[in-house]
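Encoded as structure tokens, the structure appears first; notes follow it.
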Amino acid sequence: MAEKFGSSGARRGHQVIGRLRERPPALWYRGEQIKDVTAHPALRGGVQTLARLYDLQWERPDISLFDSPSTGHKVARSFMMARTHAELASISAAMKVWEDHTFGMMGRVPDYINRAMTGYAAGAPFLAEADPRFGENARRYYEYLRENDLCLTHTLIPPQANRSVSLTKQADPFLAARVKEETDAGIVIRGCRMLATLPISDEIMVFPSTLLKSGEEDAPYAFGFSIPNDTPGLRFICRESVDYGRSHFDHPLGSRFEEMDAVVIFDDVFVPWESVLLYRDVKRCNEAYARTGAVVHMTHQVVIKNIAKCEFLLGLAHLMVSTIGVEAFQHIQEKLAEIWVNLETMKAFMRAAEADAALDEWGVMRPAWNPLDAARNLFPRLYPRMVEIIQQIGASGLVAMPTEADVKGPLADDIRKYYQAARADAFDRVPLFRLAWDASISAFASRQVLYERFFFGDPVRMAGALVMGHAAQIQQYAEKVREFVRQNRDEAFAQASPSTAASA
Ligand SMILES: Cc1cc2nc3c(=O)[nH]c(=O)nc-3n(C[C@H](O)[C@H](O)[C@H](O)COP(=O)(O)OP(=O)(O)OC[C@H]3O[C@@H](n4cnc5c(N)ncnc54)[C@H](O)[C@@H]3O)c2cc1C
């Protein structure tokens, strides 16, 4: 947070690339530190798409941008603190532009964390209750992000070493990132966090997950701060890329939308106090996402992604079906219907969340939580099933699939003849089915499925949190049923009594 304004608001793609070149995050890939993330074959496709998204916001500024309340510059609308329903709807419309461009396949388009930090800044009074500096830091950092239009990754959970014991009882207490030292100037963090998606970004938000249990024991693991990705001692170990450096024709999704996931290592990373928002307060850390509203604003963004993904899969499935002439089969219609129902379900959740939005305790128009909570619990089950449907429709067509080199090679005539379809010639059918392959069976597709299953948390524990969080509502319905059971029993006994009496 050392840099100050001097910015001109919403960025364009070349500025995104320029900053990544000037201040590269320490990304490690297959045993080597990447020198230029914008040029590396494993990452450059994703970087180019990221840059394109920032250009896109200037192509539709009326939708994507708004006037900064502090500088008057045009800034990204995903930083807006909505006060009205109309403003909230305008944020969704802006977020949909990026989701449409990526078909929802880049879960971490920057507005995901933009919404989180906007929530944290709005809920700054909650952070200030612990320390007035933390509230002030949240507000200042949010303005800094908004005015510089920076892009963030984030990391919440400790490494997957031993999930059956607490953080302090791991083989090494510094396995999970924890406070090593505290000074007048700040804190020093040592250890690891798993995971951070979109390490091809400018800064990282290191926030608590809600896994912390006990007060004193977990206190050294309880913190929230954001720092630049090139902070000394900060390292990212990337997984193997699902962009194999092939053409857009061969890997239409993987070559464009590889956002990358990385394990984050803190090798005695110094974090100045001005970057800290939460510290050593386990209860407050566990409550922060909900109380500030950050989790609601993030989930709002997530459901827009879900809608874009359903729209994409529905369109893809329909084209596949008509291309190979299977539209008359009933089970095919049933499968198309299933995706359509999923789409309309997500749209309905979104609409309900926005229609029932209300001003929260910070004066921000907060989408209603229940429909969003339902959506985030449901989608991890819907997405793998929709991918399965693409596999079921495509069948062997997903693997009987030549590459760009084949199509342009000496066997082009064979391909023209043998890859034709009912309603497409081979050279239309092949790119369509390559897209279906990349959406359903490639490495890129598998990682998408894993992402949707887990990125928002373990679905099992999310369901547990749901049942606890909505306990009062669930109890209401239990009471209603209990009353019916009671009446039913009483009626039965009331009917039984006269005859019992007669026989006696
Ligand atoms: C592609 C991808 C991208 C991600 N991106 C990010 C990111 O950018 N930032 C970030 O912070 N996180 C990210 N995550 C991590 C995500 O938050 C976690 O995957 C999720 O919280 C589950 O934790 P885990 O993966 O450590 O699974 P684990 O907690 O290790 O669980 C492993 C298995 O054990 C079960 N299990 C473990 N503990 C319990 C328990 N107490 N009760 C019941 N069952 C249990 C789980 O159900 C699961 O089946 C990402 C994950 C994926 C897959």
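The values are calculated or read from the model by the stated rules, or taken from the named source; none is laboratory data. Everything numeric here is computed off the predicted structure, so don't read it as measured data. Reconstructed Cβ throughout: ideal geometry from the backbone, glycine too, with neighbour counts over all protein chains shown. We work out accessible area using only protein heavy atoms, side chains counted, and drop any ligands, DNA or RNA first. Shrake-Rupley method; radii C 1.70, N 1.55, O 1.52, S 1.80 Å.
For GLN391, indicate whether it is within 16 Å of the ligand (Cβ to nearest atom) and not charged (D, E, K, R).
Working: within 16 Å of the ligand (Cβ to nearest atom): no; not charged (D, E, K, R): yes.
So GLN391 does not fit the description; no.
Could you grab me the full set of residues in the range 1-22 that are at pLDDT 95 or above and open to solvent by 90 Å² or more (accessible area, probe 1.4 Å)?
Filtering the range 1-22 for residues at pLDDT 95 or above gives 9-22.
ARG12, HIS14, ARG21, GLU22, listed by residue number.
Only one residue in LEU150, LEU145, LEU127 is part of a loop (DSSP other than H, G, I, E, B), away from the ligand (no atom under 14 Å from the Cβ) and either open to solvent by 10 Å² or more (accessible area, probe 1.4 Å) or aliphatic (A, V, I, L, M) (or both). Which one? Explain how you work it out, then say what you get.
Working: LEU145 fails: part of a loop (DSSP other than H, G, I, E, B); LEU127 fails: part of a loop (DSSP other than H, G, I, E, B).
None of the other options fit; the residue is LEU150.
Say we look at the range 235-264 and pick out the residues that are open to solvent by 40 Å² or more (accessible area, probe 1.4 Å) and in contact with a strand residue (DSSP E or B) (Cβ under 6 Å, 6 or more places away or on another chain); which of these is nearest to the ligand (Cβ to nearest atom)?
Per the stated criteria, the residue is ARG239.
Please state which one of THR49, THR84 is among the hydroxyl-bearing types (Ser, Thr, Tyr) and open to solvent by 50 Å² or more (accessible area, probe 1.4 Å).
Numbers: THR49 fails: open to solvent by 50 Å² or more (accessible area, probe 1.4 Å).
After ruling out the rest, the residue left standing is THR84.
Can you tell me how many residues in the range 87-117 are open to solvent by less than 10 Å² (accessible area, probe 1.4 Å) and within 16 Å of the ligand (Cβ to nearest atom)?
14
Residue check: is GLN301 out of contact with any Gly (no Cβ under 8 Å at 6 or more places or on another chain), open to solvent by 60 Å² or more (accessible area, probe 1.4 Å) and of a type in the set (S, T, N, Q)? Give the derivation first.
Details: out of contact with any Gly (no Cβ under 8 Å at 6 or more places or on another chain): yes; open to solvent by 60 Å² or more (accessible area, probe 1.4 Å): no; of a type in the set (S, T, N, Q): yes.
The answer is no for GLN301.
List pairs: first in the range 443-462 and of a type in the set (D, E, K, R) and more than 6 Å from the ligand (Cβ to nearest atom), second assigned to a helix (DSSP H, G or I) and open to solvent by 40 Å² or more (accessible area, probe 1.4 Å), Cβ under 9 Å, 6+ apart or cross-chain?
What qualifies is ARG453/ARG381; ARG453/PRO459.
Checking THR168 against (1) within 26 Å of the chain's Cα centre (by Cα); (2) open to solvent by 10 Å² or more (accessible area, probe 1.4 Å): exactly one of these is not met. Which one?
For THR168, the exception is condition (1).
With the requirement that a residue be more than 25 Å from GLN301 (Cα to Cα) and open to solvent by less than 20 Å² (accessible area, probe 1.4 Å), what does the range 437-459 give you?
Result: SER442, single match.
Just a yes or no: is a residue in the range 467-477 within 16 Å of the ligand (Cβ to nearest atom) and either farther than 18 Å from HIS318 by Cβ or within 30 Å of the chain's Cα centre (by Cα) (or both)? Quick ask: steps written out before the conclusion?
Our first condition is that a residue be within 16 Å of the ligand (Cβ to nearest atom); within the range 467-477, this holds for 467-468.
With either farther than 18 Å from HIS318 by Cβ or within 30 Å of the chain's Cα centre (by Cα) (or both) added as a condition, the list becomes 467-468.
Yes, the range 467-477 contains at least one residue that is within 16 Å of the ligand (Cβ to nearest atom) and either farther than 18 Å from HIS318 by Cβ or within 30 Å of the chain's Cα centre (by Cα) (or both).
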